[in-house]
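Written out below as structure tokens is the structure these notes cover.
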Amino acid sequence: MPNWAFFLMRLCIGVAGSALMTWVGWKLGQRLWALLAFVFSTPLIGVAIAKPLVEMVHDGISWMWRRPLDAWNGRYYEFNGMHVRVLEDGGRLWFCAKDVVRACEVAAAAEALPGLRPVGGLKCMSIEAIESLHGTHRGVDLGRFVLWARREVVTPWERKRSGALVPR
């Protein structure tokens with residue numbers, strides 16, 4: 001049962017119990033009995049909702065703490081101190097062209113590079129397109145990027161897909 005449903009169920013049961021005790025006190029004929037029944041039954045509501053309320057607050061704070069990181073969950077790679085977005089689409093890895101150009105300091109417009117494909121709202125390029133870019137824009141950082149991408153991104157991803165990382 002979800003925590004919010006558990007909270008509502010216990011709240012309803014606590015309020016119903018308090019209302020029942022107050023009503024019984026009222027039916028006994030005196031306001032004093034009804035007031036005493038209400039005062040002694042109200043803490044039952046607090047006891048009933050305490051645990052689910054604490055868990056809901058913990059879940060809410062944990063959600064707020066993780067929320068800014070959701071965009072990078074499982075896709076965070078860093079090269080040259082820059083964030084490089086890597087997306088998976090169609091059984092291949094795609095590197096965000098703007099991130100590659102910025103991280104490698106290539107003197108070219110990211111939108112004008114050959115081999116771009118829109119993936120997840122970003123203009124992206126495959127590892128082969130990055131290698132061909134290295135052939136045309138001979139840069140030290142671009143060569144390092146190709147080696148880094150093969151070693152740190154593509155090879156672990158291929159091993160994971162092939163099942164080579166599964167313990168036996």
Next on the checklist: Just to be sure I understand, how many residues within segment 79-102 are more than 19 Å from the chain's Cα centre (by Cα), within 17 Å of residue 118 (Cβ to Cβ) and basic (Lys, Arg)?
Outcome noted: 2
Next on the checklist: Based on this model, can you work out whether residue 138 counts as free of Cβ contacts under 8 Å to residues at least 12 places away in the same chain and within 28 Å of residue 69 (Cβ to Cβ)?
Outcome noted: no
Checklist outcome for this item: The strands (runs of 3 or more DSSP E) lying entirely within segment 2-108 that contain at least 3 residues which are over 30 Å from residue 133 (Cα atoms) and of a type in the set (Phe, Trp, Tyr) are none
Next on the checklist: Looking only at residues that are among the polar types (S, T, N, Q) and touching a residue at least 12 places away in the same chain (Cβ under 8 Å) in segment 20-69, which one is surrounded by the fewest Cβ atoms within 10 Å (Cβ to Cβ)?
Outcome noted: 42
Checklist entry - without any contact (Cβ under 8 Å) to a residue 40 or more places away in the chain and not polar (S, T, N, Q): does that describe residue 110? => result yes
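All of the numbers you see were taken from the coordinates with simple rules; none came from a lab. The structure presented is a predicted model; accordingly, all values stated were derived computationally and were not measured. Positions of Cβ are generated from backbone atoms using ideal geometry, with glycine treated the same way; all protein chains shown enter the neighbour counts.
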